[in-house]
1. So for region 246-257 (the condition being at pLDDT below 85, under 40 Å from the mean Cα position of the chain (by Cα), assigned to a helix (DSSP H, G or I) and farther than 30 Å from residue 498 by Cα), does at least one residue qualify?
2. Write out, first by first residue and then by second, each pair whose Cβ atoms fall under 9 Å of each other, whose residues are 6+ apart or on separate chains, and whose first residue, in region 153-178, is aliphatic (A, V, I, L, M) and in a helix (DSSP H, G or I) while the second is at pLDDT 80 or above and open to solvent by 70 Å² or more (accessible area, probe 1.4 Å).
3. Residue 416 fails exactly one of the following numbered conditions: (1) closer than 24 Å to residue 595 by Cβ; (2) in a helix (DSSP H, G or I); (3) without any contact (Cβ under 8 Å) to a residue 40 or more places away in the chain. What is the number of that condition?
4. Out of the residues in region 146-165 meeting the condition of being open to solvent by less than 100 Å² (accessible area, probe 1.4 Å) and out of contact with any helix residue (DSSP H, G or I) (no Cβ under 8 Å at 6 or more places or on another chain), tell me which one is nearest to residue 186 (Cα to Cα).
5. Specify the residue that is nearest to residue 657 (Cα to Cα); the eligible residues are those in region 571-603 that are assigned to a loop (DSSP other than H, G, I, E, B) and open to solvent by less than 10 Å² (accessible area, probe 1.4 Å).
6. May I ask you to say which residue of 209, 216, 177 is at pLDDT below 80 and open to solvent by 100 Å² or more (accessible area, probe 1.4 Å)?
7. From the list 58, 81, pick out the single residue that is surrounded by 14 or more Cβ atoms within 10 Å (Cβ to Cβ) and either in contact with a strand residue (DSSP E or B) (Cβ under 6 Å, 6 or more places away or on another chain) or not β-branched (Val, Ile, Thr) (or both).
8. Have a look at 419, 471, 487 and point out the one that is modelled with pLDDT under 90 and open to solvent by 80 Å² or more (accessible area, probe 1.4 Å).
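The values are calculated or read from the model by the stated rules, or taken from the named source; none is laboratory data. Remember, it's a predicted structure, so these values are computed and weren't measured experimentally. Cβ coordinates were reconstructed from backbone atoms using ideal geometry, including for glycine residues, and neighbour counts include every protein chain displayed. Heavy atoms of the whole protein, side chains included, go into the accessibility calculation; ligands, DNA and RNA do not. Shrake-Rupley method; radii C 1.70, N 1.55, O 1.52, S 1.80 Å.
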Amino acid sequence: MVKESGRDGSLKKKRKSATSADNETDVDIYKKSVEFEEKEALSRPNDADAQIYFNTCKEIRQLFSEISELKMKNNPDAKIKIMEKTTEVCLLLVLLKKLNRMEKVRLVFPKEQLATEKQKVDSINLQYQNLLYEANHLISEYRKCFQFKSKDEHIELVPVEEFLFEAPENLTSKFFKFDENDETMKHELRLARLEWELQQRIHLADMCKKLEEEKKKLEADIAERKSKLDKLGPLLSTVMEATKPVQEHLGLLIDKTQAEHKLASLLPNPLYLFYANIDAYRQVNDKSMNVEIVGDQDEAIQWKELEVAESAIEDEEDQHSDLDQEMETQESEEIVETKKRRHRKSVQVDPLEEKKRKLLQVHPLSIEVTVNTKDGPSIKIKFSYYVKLEIVTVASSVNIPSNITGNAAREVLSNESVLVELVEGDFGLESPNPCTPYQLKRVGLGPFQTLVPDLGYVYNWAQKVCGIDFLSKKGTKYVTKQTSDQLSQTNVELVMKTIKKRLKSRYALAKQLEDLERNVIPTLPVTIDLPRTTISTLTKWSSSTYQAFCQSKFTESLLEAEIISPNDIFYLATITRDKANLQAFVVIKNDYPSAPPIFSLCLNYNGARNSQNDDNIRDMERSINVDWNHEVSNANWLLSAQITSLCVGLDIYLETEDPGTFQQNTMYIKSSCARNRRKPFKFRNIGVGVYTQ
């Protein structure tokens, strides 16, 4: 049994060895065939193989056509030929496969060569880059070594002459015979100077300690005195509280004055200058005027502290600008380790809106001036200062008396109407600061006129009473404090008197308009040379607009002469006598009564008659608008006198134009005169009064 098993094992080993030998022979044959084909592919020309390929394809196509023809004949001999042809096709296909393998070998071999060449080039590039890195590293190390500076170089030492004169002999004895070419001697001199510098600094440190001790003693003394003063404050306050009845009895009001002065110190410079001058003017010229500082005191204190802090920061930035530049250059050369910061969520704010808010920021304190008139209206004017725009704005409110109830009368005393064109051409709608349009455009805002309802009016006189005068075409900007003070003092008195005069004249005008709205012409003073009896009467008085004035046909001549402005006050009056109806546009200028009201007439009697088609209507307008004696004009009766003259003029016109219909009421010598048949519209105070041409 053992022998048999041994035989079986030997047989298995022989079989395994036989199979392994067969595999080795197969592998060798395959390698040899592949090597043979590679050599053959590299040795044979490509053009010849290509020609063989095309010829073989042609033969295969021809054999396929012959096989198809034989199959169509379907003869018994054809099958044998078909087999032969098929065999030939197979052999040709084998040839095509061989050509394909050879072509692929040709393609693989150049690729392998290219890859090997690329590897060589890459290795050379790596070596070159390594050399460049080493060279750059050596250059940077060289620069560091070359730029090295010792810390003692930054120490400012005393000059050599001063060192030799002041230092002790043990440090200076070696250097009286100093040789500049001896580097060792230079080094020893440097060490000696550093030693002397160290001794001096030790001495200064001792002095500093002594001064610090003296400083502490002084601080303790100051703290002790301060505590005494703090204890004195409550005692003084109790004394002041006890003296209040005496102050009230004597009318001193010391506490109120101190509080006002403390609040005034927080005002911006223009408003402070105005407050000082207006308060002085009030005490001397008009004690009925009231001047008050309004606003949040705590916010003003914060504003003041912020301004001081910003100015201090600007000074520090100016002082340390050079130092910051040096630090930036050092930081750029050194490696700075940055710490990771935790990003916190913050509320997103539109930067443009923030710029708008800062530009339109107003100072928390403002000045309110109340101008009073005897038994009449009072006006409260608020002056505010915009820091970034550098302008003063004005907002006003008028306290209208209870006896003024008509709409037209209250209109001339409205808040905006009283201060308009206080100075000719000054409407307060355009900023006098030439920088304002550029500032508004930068933050995306429109013209300043759109901001007037929110900010207030920017009258030129308001800037001048605050000591501000901007650069204009015919002026210069006042910048010094002395010039600003003189400018404010000069204008405060003038402006306050003008405002009071304007308020009185508007009140007088309002009282006349109050009667005119009830279709009653106010009674004129006895001293005025005008007839008191007229047949024509005022039947309607109403407010009008500039648009309605422009749309009327009989007002074209005044518009062409550019006498009328959209900022004037417009009214429409209707005067009638029987069937005759006279319409009159009344234009009242803002500086009434300096400029008298202007009348434009249209008579509806036997057609529409106005200054353009009737010379007599033109003469009537001239007698009211031009021939009036302006020197004796008064705000209390000017408008009433003109309307009375207009009623008399209508009577004269109708009585002379149609005497059969209208009975004569006025006294005149001739009904018409000269070639143009002028009518007697000029009044002569002769006897009971006569009208002449």
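1. No: region 246-257 contains no residue that is at pLDDT below 85, under 40 Å from the mean Cα position of the chain (by Cα), assigned to a helix (DSSP H, G or I) and farther than 30 Å from residue 498 by Cα.
2. Within 9 Å, the pairs are 171/195; 171/199.
3. Unmet for residue 416, out of (1) closer than 24 Å to residue 595 by Cβ; (2) in a helix (DSSP H, G or I); (3) without any contact (Cβ under 8 Å) to a residue 40 or more places away in the chain: (3).
4. Initial filter on region 146-165 (open to solvent by less than 100 Å² (accessible area, probe 1.4 Å)): 150, 152, 155, 157-160, 162-164.
Now narrow it down to the ones that are out of contact with any helix residue (DSSP H, G or I) (no Cβ under 8 Å at 6 or more places or on another chain): 150, 159, 162.
Numbers: 150: 16, 159: 14, 162: 16 Å.
The extreme case among them is 159.
5. In the first step, residues of region 571-603 are kept if they are assigned to a loop (DSSP other than H, G, I, E, B); the result is 578-579, 589-597.
Now narrow it down to the ones that are open to solvent by less than 10 Å² (accessible area, probe 1.4 Å): 590, 592, 597.
Details: 590: 36, 592: 34, 597: 27 Å.
Selected residue: 597.
6. Criteria check complete, one pass: 177.
7. 81
8. Details: 419 fails: open to solvent by 80 Å² or more (accessible area, probe 1.4 Å); 487 fails: open to solvent by 80 Å² or more (accessible area, probe 1.4 Å).
Sole residue among the options that is modelled with pLDDT under 90 and open to solvent by 80 Å² or more (accessible area, probe 1.4 Å): 471.
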